[in-house]
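As structure tokens, the structure follows; a few thoughts come after it.
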Amino acid sequence: MLRKTLKVLALGAASLAAAGSAWAVPTPGGIDFQTPVTETAKKVHAFHSEVLWIITVIVAVVTALLIWVMVRYNKRANPVPKKFSHNTVIEIIWTVVPVLILVWIAKGSFPLLYEQDVAFNGEQVAEADVVDIKVYGNMWYWDYTYNQNTDKEFVVESRMLRKGDADRPLVETRGDLQQLSTDHPMVAPVGRYVRLKITARDVIHSWAMPQFTLKVDAVPGRLNQLWFKVDQPGIYYGQCSELCGKDHSNMPIELWVLPQAEYDAWLAAAQADPAKGGREYLDSLPRPGATTQVASAQ
Ligand SMILES: [Cu+2]
């Protein structure tokens, strides 16, 4: 039992070491966000750190003020309190300073909201250069439509891997991750503008990808949009982030970002047999983003 536990731990450490930053996933004991991999995500992280500093200073100042009042103006230290109830100067200061802080935060926040929401941050990109993927949330899996409204349209269904499954069981030595790996991952090309059109067939789900700092609800009868451009091949993981029912925790998002040539090859393979989702082709590739194969690390 102990030996087995140790082996699992060693394997976990080895796969983490093999993973590198581009392959970042939630790690036991981790306290920071996952490594950002898009320009937008990097800006969101920088903005988060800036707001964290602002909050820290505010908390420190308010705490110091409270302590000062408690020590200097308690009943013993200040037995006869003054009776005034207004001070115009201080009232203007404590109104204007918080307003200025909020304006400063809004100035950093609103452009980022726009950037995440409006395709390509308002940049004009030729339609031919855009990769469109339609995303459907279902109870309880995701499916991805490629080449929508063309004669090459096909749908890949993406379900969570489980240990002991008949079709494709979860195999940790292969690099599969519990609650994150899927039978047929979503695939996108590296360095290109990818536009997701997101909706749902039954209840509200939410498509979320922490390393891209993207999250949007998948709402039946409504089309939401997200976009990203990743400059690093890799496997990125997310999860349904809107409580959608009993298997809400079992609908992960696994996204392989591949170089254009490999993406094209996967597209052809998946289109030829959508039920297999190009899985064989993906299995033939070295896992993108990993410096070494996880399987060889045991
Ligand atoms: Cu869901």
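Overview of values
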item: Filter result (crowded, with 17+ Cβ neighbours inside 10 Å, more than 30 Å from ASN121 (Cβ to Cβ) and within 16 Å of the ligand (Cβ to nearest atom)) within the range 170-207; result: VAL203
item: Among (1) within 29 Å of LYS42 (Cα to Cα); (2) out of contact with any Asp or Glu (no Cβ under 9 Å at 6 or more places or on another chain), the one test that ASP217 misses; result: (2)
item: ASP167, sole failed condition from (1) modelled with pLDDT of 95 or more; (2) farther than 30 Å from ILE54 by Cα; (3) out of contact with any helix residue (DSSP H, G or I) (no Cβ under 6 Å at 6 or more places or on another chain); (4) more than 16 Å from the ligand (Cβ to nearest atom); result: (1)
item: Selection count, the range 136-156, where residues are over 20 Å from the mean Cα position of the chain (by Cα) and within 15 Å of the ligand (Cβ to nearest atom); result: 1
item: Odd one out for HIS184 among (1) assigned to a loop (DSSP other than H, G, I, E, B); (2) in contact with a Ser or Thr (Cβ under 6 Å, 6 or more places away or on another chain); (3) farther than 19 Å from GLY278 by Cβ; result: (3)
item: The range 233-267, residues that are away from the ligand (no atom under 16 Å from the Cβ), in contact with a strand residue (DSSP E or B) (Cβ under 7 Å, 6 or more places away or on another chain) and assigned to a loop (DSSP other than H, G, I, E, B); result: PRO233
item: Of residues in the range 214-232 being touching a Ser or Thr at 6+ places or on another chain (Cβ under 6 Å) and in a strand (DSSP E or B), the one farthest from the ligand (Cβ to nearest atom); result: PHE228
item: Options VAL135, VAL203, VAL216; residue that is under 16 Å from LEU255 (Cβ atoms), in the same structural domain as GLY277 (by TED's automatic domain parsing) and touching a residue at least 60 places away in the same chain (Cβ under 8 Å); result: VAL135
item: The range 27-64 - residue that is in a loop (DSSP other than H, G, I, E, B) and not β-branched (Val, Ile, Thr) and, of those, surrounded by the fewest Cβ atoms within 10 Å (Cβ to Cβ); result: GLY29
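The values are calculated or read from the model by the stated rules, or taken from the named source; none is laboratory data. What you are looking at is a predicted structure, and each value in this text was computed from that prediction instead of being measured. So basically every Cβ, Gly included, is an ideal-geometry build from the backbone, and we count neighbours across all protein chains shown.
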